[in-house]
Amino acid sequence: MSDAAVLNLILFLPLLGTGLLVAAPAGEPGFVRRLALVVMIVQFVLAAWLYARFDSTRAGLQFETRLPWIAQWGVYYQIGLDGYNVLLVMLTAFLGPLVVAGAFTAIAKDEKLFYAMVFLVQFAMLGTFVAQDLFLFYFFWETMLIPMFLLIGIWGGERRIYATLKFVLYTAFGSILMLAAVIYLVWSLQNTTGITSFAFSDLVKSRLPLDAQSLLLAAFALSFAIKVPMVPLHTWLPDAHVEAPTTGSVILAGVMLKMGTYGFMKLGFPLFPDATQLYTPLLMALAVLSIVYGACLALVQDDIKKIIAYSSISHLGYVMLGLLSLDLVGIQGAIIQMVSHGLVAGGLFLMVGMIYERCHTRELRAYGGLARLLPVYSVFFMILTLASVGLPTTSGFTGEFLVLLGAFRAAWPLHTTGDDLPLVLAVVAVAGVVLGALYMLRFALAFLYGAPRAPHQPFADLDRREKSILGLIVAAVFALGLFPDEPIGKTELAAKSYRQLVTASRLPGDSR
Amino acid sequence: MLTAIVLLPLLGFVLNGVLATRLGGNRFGPRFVSAAGCGLPIASFLLVVKAVLELRAGGWAPLVETVYRWALIGDNSFEIAFYFDRLSAVMALVVTGVGSVIHVYSIGYMKDDEGYGRFFAYLNLFLFFMLLLVLGRSLLVLFVGWEGVGLASYLLIGFWFHDLANARAGKKAFVTNRIGDAGFLLGMFVLFQAFGTLDMDRIGAAFAGPALPAVSASLVGVLLFIGATGKSAQIPLHVWLPDAMAGPTPVSALIHAATMVTAGVYLVARMSAVYLHAPEASALIAVVGVATAFFAATIAVVQTDIKKVLAYSTISQLGFMFLALGVGAYGVAIFHLVTHAFFKACLFLGAGSVIHALGGEQDVRRMGGLARRIPLTFWSFAIATAAIAGIPPLAGFFSKDGILWYAFASTRGGSPLLWLVAAATALMTAFYMFRLLWLTFFGRSRMTPEVEHHVHESPSSMTGVLLLLAALSALGGFIAVPHFLEAQLPLPPVDEHLHAYETPLLAVSVALALAGLAAAAWLFGGPAERAERLRARFAGPHRWLSSKYFVDELYERCLDKPLVWISDRIFLRFGDRTLIDGTLHALAAIARGSAAVFGRLQTGSLHLYAWFVLLGIVGALLWSWRHV
Amino acid sequence: MDRTQLLIGVAVTLFSLGLVGVIVRRHVLVMLMCMELMLNGVNLSLVTFAQQTSTTVGAVLVFLIFVVATVEIALAIPIVLLLVRTKRTLDLGAYSELKG
């Protein structure tokens, strides 16, 4: 089977899985769970195989498929792997089986529907990452909404309807503006060059005047900024996380938030370089605001899921800072930080789910001394906490260190020529590491230490399934922390291409 | 081989951490833990000795070992590599030597603790990171070790975590360190953007070369020093060290006396090439160092917990080391680092022995009369006390006198004022240390009866270590560390006119030490009322000193509370809930409201609908009639 | 006024009366009758115009309208009967289920 076909298989396997689930006999939850797990594991194996075969030295798309879909409008079914998405596809495929395995004991009703929704979300997320045609991208982007809506709305907590509506309406609002922008972009390309195409590789050559670029960037940026989420468009995330079932939170934090940063990296900034350069100070300020604001809010929460939700906002602020730094070290750091956050936040939410299954409360005040009650759990918790704080040897350090280094290195020459803002922002971002330690250690302190206290004792420590899930995540965290050379190598050409595209100038009448 | 030195303790961590704790089902017992937990550090020490011999055989040319490449981004390669030169040799010997010895001591001290395996796992982990720190070639590897020892410190301070106060002390240490780390990171970034590398030897060579690099050495110096301030507990980031005494005493000895806290000193010494070109930064270091030394000594004078006295003493002695660094006497600072490791470790372990003997008592007001009952502990403690006070010919005398001399006479920032403050501190040091000795070991016993009954000398695994460290405290001064390091860290030039003062100042140092001894003996060796009367006379200052100048309270009022207040009231309640969510809810309310208004058109009355139809048709007709 | 104008005038009058009746009256059956009046007004005008142009189109249309009107009544009356069975009144104001 050719590699391109394998990529298609990886993408459609979840859809196939949904079909199999529907056909599966009802009332046999064990079978349904095993089926879901098997499908996800197969997907992971295939993705790993493609990852290994990914050629770091080749620029451009690999394992590409390009089939006409609505040829008159220039819409093609075009997917492929390149440095932009290879790590994210790997992350999605890696978290898939872990998400399914984590849900085994958490979901009681409508299991078939549940796993079907998980599959659909997986399908949509993978699709957004591998799509190279803007229409296809938008299609997958929207597809993700409905299964997520149902995941939160059916299996969620008390205020789930409020949370899920907030999530869907917020996201959809941004998406609609993005659709208008996409259509305008394609129409403009058609007007100026006569080419009708939704393909990214064509649209990235378009030339637009600065005000048009600014408006279009605003439309795209709104949609992606809501997704990342960037302050001040972030308030949907804490509610969504708190009300969603564990699986939903893990999917959300693990992969879905990266769709926003991926969108910025692949589409938003490269398509409108002049506008991006113009608004970089503002966007960078918002990124650093996310870092600090998210951290400050995480410091005063009592709901353990909200702590992690706000920490996500803070961590993804680093990603945006790295992308905006336009420094190769910063960009690579941003990509690693995306993956790291997916692993760490996903892992932490899984752990929250595990304790919730035992104690049925998310209030931090209800807990204490878990290091004594659940020693194995506490070790994993401590490791993931330290990864979140950015302790060296974990993936969190790799991401944060490279982002901060890149942001600083880009800001320093600007400072010597009088533009102080980037340097000030970089320094504030570095100070953010202190806040990171503050809120996570406060969490760990109240959670693990002191007199043992927890509702619904006695309960068992982690069982084999839970240990395997967390063990895999922790292994990945250390792998990325100690040996990041290989993943960095795979994304190098994409990082360079991103930098080149965003620092270029594509105004009409330019010779470049 | 360098890699092996670093990895052996890590192996110990894995073995002890997994197999000897509840995590791995307690597969192995205490004997395995003792064997692995001590054996591996000792093996590391032997390998360090071997490395030193190899270094000497190679004419002292630095050994470099690259392990692997961590990342390659563009033209910048980040590698994990180890570097071994004279300075590394001294540091590594202290770390592994004193470290191993403290591990052995822990066998006796932690014998009955249920977290025995966990303790040695954490100690081994600490040793691994500390070795990364001192053997790392680039600032990146150093930073990994730097943060790692912070982690180990956090875990060990909060070792008895069922008492939340201990865990809080651990958190305070970690967060305070992090503040310093922010400065450290910025310093690293400035260096990286100037040189494209973080390898310390290459950076040092660039600064030592003919052309001065176009980067502000003072800026780098200050930023790196901020990191050192955090790790080495200098003002204003010193607040974590006294609280860190909540951890088991071997931890205090190893981490908070002998090794981790000296990481800042090592960093500055290692980057001496930068500081030679940064007079402003060096001046700052000297001032902060001597101020910290003085400040901490004043607090130590009135402390009543045996470990707290030693903690403030450590802060003070670290201040001395920074004073030396600030005036360019890098080798002397390292010398004091070494002697301090000997006598401070001895003092802490001795204190541990006392605490062990008294079944947990730490308040010196409830001690006394122990000299005869635990003689081995007493004699080692006494020797170490004399060493720290600077009584010749013990180790502390040589290193401290060196610092005092260069503080006075160095052409790189030495001044009489610095000497004066440092000398006053030395006087106080002698005073409070002998005070501690007298209150703990002499006089009539103030112990409670149950405690008194319990008093016994510690096992030989503990006393043996004490005696070894006492011997080193006594004789360690004859290890000519500054001379050994001079090839790499030259001593600063001294003002010729001041040479005449050298001997008089030496005499003054000795006199101060003896004066401190005498004052302490008179005040605390006699009837108890003497000290009491003095305290009553100076009740106000005494209160200030016992409360550590209320620095913790100041920080809480000015930093902690405002941060939480801003995060809660402004960011969360006002920002998130009122402003952002409020806007969203307002928009939703508008949509709902307008829907309600438009909904009223649907009256259900067919007549009304018919009217609308009619109006529509009339309107359409009119419009078409107009536009035809 | 010639004959055509008179006839058109009558047709318009019929239509208007019917329209006014539909709008003003509340009795369902009366509304139906007025609707028939409107239709007949239209029929009359169609026949008048047909006579003018001497084609058969107009007359055919009239037949079409007759058929449609009849069918409409055939369906409308039973619907009204069914509705009346639940509401027990022929007052249009009572039928406001579409409200909101």
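Relative contact order of the range B:370-496: what whole-number percent is it, with Cα pairs under 8 angstrom and at least 6 residues apart? Don't skip to the answer; put the middle values down first.
Details: 129 pairs, mean separation 53.7, N = 127.
Computed value for the range B:370-496: 42 percent relative contact order.
Angle between the Cα long axis of helix B:2-14 and the longest principal axis of chain B, 0 to 90 degrees, nearest 10?
Compared with the principal axis, the helix lies near 70 degrees.
Carbon and sulfur together cover what percent of the accessible area of chain C at a 1.4 Å probe radius?
Exposed carbon and sulfur together represent 74 percent of the surface.
Helix B:30-57: angle to the longest alpha-carbon principal axis of chain B, degrees 0 to 90, nearest 10?
Result, in degrees: 70.
Can you give the log10 of the normalised intensity I(q)/I(0) at q = 0.13 Å⁻¹, computed with Debye over equal Cα scatterers of the range A:383-512?
Calculated log10 I(q)/I(0) at the listed q: -0.81.
Using a 1.4 angstrom probe, figure out how much accessible area the range A:276-503 has per residue, in square angstrom, rounded to the nearest whole.
Solvent-accessible surface per residue comes out at 27 Å².
Please check the range A:395-424 for residues whose accessible area, probe 1.4 Å, is lower by 40 Å² or more when all protein chains are in place than in their chain alone.
For the range A:395-424, once contacts with the other chains are taken into account, A:397, A:401, A:405, A:408, A:409, A:412 lose 40 Å² or more.
Under a plain spin-label model, where a point goes 7 Å from the Cα along Cα-to-Cβ, how far apart in nm are residue B:552 and residue B:597?
So the label points at residue B:552 and residue B:597 sit 6.1 nm apart.
Just read off the accessible area of residue B:483 with the full protein assembly in place, 1.4 Å probe, to the nearest 10 Å².
Estimated to the nearest 10 Å², residue B:483 gives 130 Å².
Could you work out how much longer the chain between residue B:415 and residue B:460 gets when fully extended? Use 0.36 nm per residue separation minus the Cα distance between them, nm to one decimal. Write down the numbers at each step before the final one.
On the way: separation 45, 0.36 × 45 = 16.20 nm, distance 4.71 nm.
Extra length available between residue B:415 and residue B:460 comes to 11.5 nm.
From Cα pairs below 8 angstrom and at least 6 apart in sequence, can you work out the relative contact order of chain A, rounded to a whole percent?
About 17 percent, as a whole number.
For chain A, find the longest principal axis of its Cα atoms and tell me its angle to the long axis of helix A:421-448, 0 to 90°, nearest 10.
20
Considering only protein heavy atoms and a probe of 1.4 Å, how much of the accessible area of the range B:253-324 is carbon and sulfur, as a whole percent?
Here carbon and sulfur together make up 70 percent of the probe-accessible area.
Expressed as a rounded percentage, what relative contact order does the range A:276-503 have, with Cα pairs under 8 Å and six or more residues apart? All intermediate terms of the calculation are to be shown ahead of the outcome.
Details: 350 pairs, mean separation 67.0, N = 228.
The value is 29 percent.
Working with all protein chains in place, sort B:320, B:550 by solvent-accessible area computed with a 1.4 Å probe, largest first.
B:550, B:320
Can you list the residues in the range B:584-625 whose accessible area drops by at least 10 Å² when all protein chains are present, compared with the chain alone? Use a 1.4 Å probe, heavy atoms only.
Output list: B:584, B:585, B:599, B:602, B:603, B:604, B:606, B:607, B:609, B:610, B:611, B:614.
At 7 Å along the Cα-to-beta-carbon direction for both residue B:112 and residue B:528, put a label point, then send me their distance in nm to one decimal.
Once both label points are built, they end up 2.8 nm from each other.
Over the range A:276-503, what percent of the accessible surface lies on carbon and sulfur atoms, probe 1.4 Å?
Its accessible area is 64 percent carbon and sulfur atoms.
Once R0 is set to 35 Å, what does the formula 1/(1 + (r/R0)^6) return for the Cβ-Cβ distance between residue B:305 and residue B:22, expressed as a FRET efficiency to the nearest 0.05?
Step by step, r from the Cβ atoms, then E = 0.65.
So if we plug the beta-carbon distance of residue B:195 and residue B:503 into 1/(1 + (r/R0)^6) with R0 = 35 Å, what FRET efficiency do we get, rounded to 0.05? Working shown, then result.
Values: r = 45 Å, r/R0 = 1.27.
So, using R0 = 35 Å, E works out to roughly 0.20.
Let me know the charge dipole size of chain B about its Cα centre in debye, to the nearest 20, where only the beta-carbon of Lys, Arg (+1) and Asp, Glu (-1) is charged.
1320
Give me the tail of P(r) for the protein assembly as shown as a percent: Cα-Cα pairs with distance above 43 Å.
Every Cα pair in the protein assembly as shown considered, those over 43 Å come to 52 percent.
Please report the accessible area of residue A:16 (heavy atoms, 1.4 Å probe, ligands and nucleic acids excluded) in Å², nearest 10.
Number for this one is 100 Å².
Roll a 1.4 Å probe over the protein chains and send me the accessible area per residue for the range B:501-566 in Å².
With all protein chains present, the range B:501-566 gives 68 Å² per residue.
What is the extension gain from residue B:214 to residue B:542, computed as 0.36 nm multiplied by their sequence separation minus the C-alpha to C-alpha distance, in nm to one decimal? Kindly include the intermediate steps, with their values, before the conclusion.
On the way: separation 328, 0.36 × 328 = 118.08 nm, distance 5.02 nm.
The residue B:214-residue B:542 span can extend by a further 113.1 nm.
Grab the beta carbon distance between residue B:76 and residue A:421, set R0 = 25 Å, and tell me the FRET efficiency rounded to 0.05.
Values: r = 25 Å, r/R0 = 1.00.
So the FRET efficiency works out to roughly 0.50.
Could you order B:75, B:552 by accessible surface area, starting with the largest, using a probe radius of 1.4 Å?
Numbers: B:75 155, B:552 35 Å².
Final ranking, largest accessible area leading: B:75, B:552.
Once every DSSP H run of n ≥ 4 in chain B is given -39500 (n - 2.57) and the sum is divided by its residues, what mean residue ellipticity at 222 nm do you get, rounded to the nearest 500 deg cm²/dmol?
So the helix-based figure for chain B works out to -22500 deg cm²/dmol.
Compute accessible area for the range B:189-218 by itself and then with all protein chains, 1.4 Å probe, and report residues whose area falls by 20 Å² or more.
Those residues are B:189, B:190, B:192, B:193.
Quick one: accessible surface of residue B:457, probe radius 1.4 Å, all protein chains present, in square angstrom to the nearest 10.
50
Could you tell me which of the pairs A:467/B:172; A:166/A:258; B:307/B:400 are separated by over 27 angstrom between their Cα atoms in the structure shown? Each step should come with its number before you reach the end.
Working: A:467/B:172 31 Å; A:166/A:258 19 Å; B:307/B:400 22 Å.
Violating the 27 Å limit, Cα to Cα: A:467/B:172.
Within a 10 angstrom radius of each residue's Cβ in C:18-26, how many Cβ atoms of other chains show up on average? Whole number is fine. Before the final figure, lay out each step's value.
Details: counts 0, 2, 0, 0, 4, 5, 1, 1, 3.
Mean partner-chain Cβ count within 10 Å for C:18-26: 2.
Under a crude label model (7 Å from the Cα following the beta-carbon direction), how far is residue C:52 from residue B:68 in nanometres?
9.8
How much of the calculated P(r) for chain C lies past 17 Å, in percent of all Cα pairs? Walk me through the numbers before you get to the answer.
Numbers: 3024 of 4950 pairs.
That fraction is 61 percent.
Report the B-A buried area as the accessible area lost on both sides summed, probe 1.4 Å, in Å² to the nearest 100.
Counting both chains, the buried surface is close to 5200 Å².
Can you give me the convex hull volume of the Cα atoms of the range A:276-503, divided per residue and expressed in Å³?
Taking only Cα atoms, the range A:276-503 has a hull volume of 108 Å³ per residue.
What value does the range A:129-258 have for Rg/Rh, both radii from Cα atoms and Rh as Kirkwood defines it?
The Rg/Rh ratio comes out at 1.05.
Across the range C:24-82, how large is the tail of the calculated P(r) beyond 20 Å, expressed as a percent of all Cα pairs?
On the way: 618 of 1711 pairs.
Of all Cα-Cα pairs in the range C:24-82, 36 percent lie more than 20 Å apart.
Let me check something: with ligands and nucleic acids excluded, how do A:435, C:39 order by accessible area (1.4 Å probe), largest to smallest? Write down the numbers at each step before the final one.
Numbers: A:435 25, C:39 50 Å².
Of A:435, C:39, the descending order of accessible area is C:39, A:435.
So how far, in whole Å, is the C-alpha centre of the range C:22-85 from the one of the range B:123-179?
94
The values are calculated or read from the model by the stated rules, or taken from the named source; none is laboratory data. Because the structure is predicted, anything quoted here is derived from the model rather than measured. Backbone-built Cβ (ideal geometry, glycine too); neighbour counts: all protein chains shown. Only protein heavy atoms, including side chains, enter the accessible area calculation; ligands, DNA and RNA are left aside. Shrake-Rupley method; radii C 1.70, N 1.55, O 1.52, S 1.80 Å.
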